[in-house]
């Protein structure tokens with residue numbers, strides 16, 4: 001039997017008396033700006049669905065007074081997300097009152113919108129697909145297409161919050177609208193399928209425009225942009 005270690009006991013008591021709760025990490029400025037960017041993207045989508053222009057004053061209200069000095073940065077990032085994920089550019093139409101509209105980056109007359117929950121601009125997905133077809137010598141095997149889309153988290157038969165059910169969009173909607181041709185590979189057994197540009201794609205855009213857009217997007221950028229924009233879509237649908 002031995003005496004307890006008084007020094008150790010005192011040290012434990014001292015340590016326990018001075019222990020404090022760890023400080024909660026505060027969001028960084030960049031994190032706060034991302035929240036504002038997502039809010040602005042959601043607002044722009046709502047305006048687009050309602051076919052309404054938006055004024056800079058309205059966008060400043062969404063951003064809030066505390067972040068008005070950061071508005072150029074927020075608008076720039078929101079513009080990039082709109083371009084990458086939705087294939088839309090923010091264009092100023094009236095400098096006198098700083099009003100803006102969203103326009104299709106590829107000049108396509110149809111933005112691929114579907115009614116209901118997934119009525120979102122899908123031009124970026126169509127632009128990416130047209131680009132893949134070009135890279136594959138104007139004829140892209142279906143398996144290659146789904147491999148590319150899988151990098152973005154877009155899978156055949158799986159609902160996507162922005163693009164809806166992609167197989168229907170690619171093999172039916174855009175085929176019926178003339179943007180894509182979806183056909184069986186001649187002589188394939190078992191049957192394999194491939195995508196080509198449809199007549200409407202040839203009429204409304206050009207290979208140069210599509211390749212330029214493809215270079216701007218790049219798969220990694222688009223995939224990393226989807227997370228923020230999916231949050232913006234959820235916010236926009238809740239506010240609709």
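The values are calculated or read from the model by the stated rules, or taken from the named source; none is laboratory data. Here the structure is a predicted model, which means the values were calculated and not measured. As a convention, Cβ positions derive from the backbone with ideal geometry for all residues, glycine included, and neighbour counts pool all protein chains shown.
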| query | Is it the case that the range 147-158 has a residue that's in contact with a strand residue (DSSP E or B) (Cβ under 7 Å, 6 or more places away or on another chain), assigned to a helix (DSSP H, G or I) and under 20 Å from residue 121 (Cα atoms)? | reply | no
| said: Which of the numbered conditions does residue 144 fail, given that it passes all the others? Conditions: (1) in a loop (DSSP other than H, G, I, E, B); (2) surrounded by fewer than 19 Cβ atoms within 10 Å (Cβ to Cβ). | reply: (1)
| request: Considering only residues that are part of a strand (DSSP E or B) and buried (at least 21 other Cβ atoms within 10 Å of the Cβ), look in the range 77-101 and name the one that is modelled with the highest pLDDT. | output: 100
| field | Inter-residue pairs, beta-carbon under 6 Å, first in contact (Cβ under 8 Å) with a residue 60 or more places away in the chain and in the range 160-173, second in a helix (DSSP H, G or I), 6+ apart | value | 161/230; 161/233; 162/233
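Taking into account only those residues within the range 204-214 that are free of Cβ contacts under 8 Å to residues at least 24 places away in the same chain and outside any loop (DSSP other than H, G, I, E, B), which is surrounded by the most Cβ atoms within 10 Å (Cβ to Cβ)?
Across the range 204-214, the extreme among qualifying residues is 212.
Residue 45 - would you say it is modelled with pLDDT of 90 or more and in contact with a helix residue (DSSP H, G or I) (Cβ under 8 Å, 6 or more places away or on another chain)?
On the way: modelled with pLDDT of 90 or more: no; in contact with a helix residue (DSSP H, G or I) (Cβ under 8 Å, 6 or more places away or on another chain): yes.
So residue 45 fails the test.
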| message | Within the range 189-196, does at least one residue satisfy the condition of being in contact (Cβ under 8 Å) with a residue 60 or more places away in the chain, farther than 26 Å from residue 45 by Cβ and surrounded by fewer than 20 Cβ atoms within 10 Å (Cβ to Cβ)? | response | yes
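Given the criterion modelled with pLDDT of 85 or more and more than 30 Å from residue 72 (Cβ to Cβ), identify the matching residue among 116, 143. Steps first, please.
Details: 116 fails: modelled with pLDDT of 85 or more.
Going through 116, 143 in turn, the sole match is 143.
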| said: Residue under question is residue 131, and the condition is that it be part of a helix (DSSP H, G or I), outside the structural domain of residue 49 (by TED's automatic domain parsing), over 15 Å from the mean Cα position of the chain (by Cα) and exposed (fewer than 13 other Cβ atoms within 10 Å of the Cβ); does it hold? | reply: no
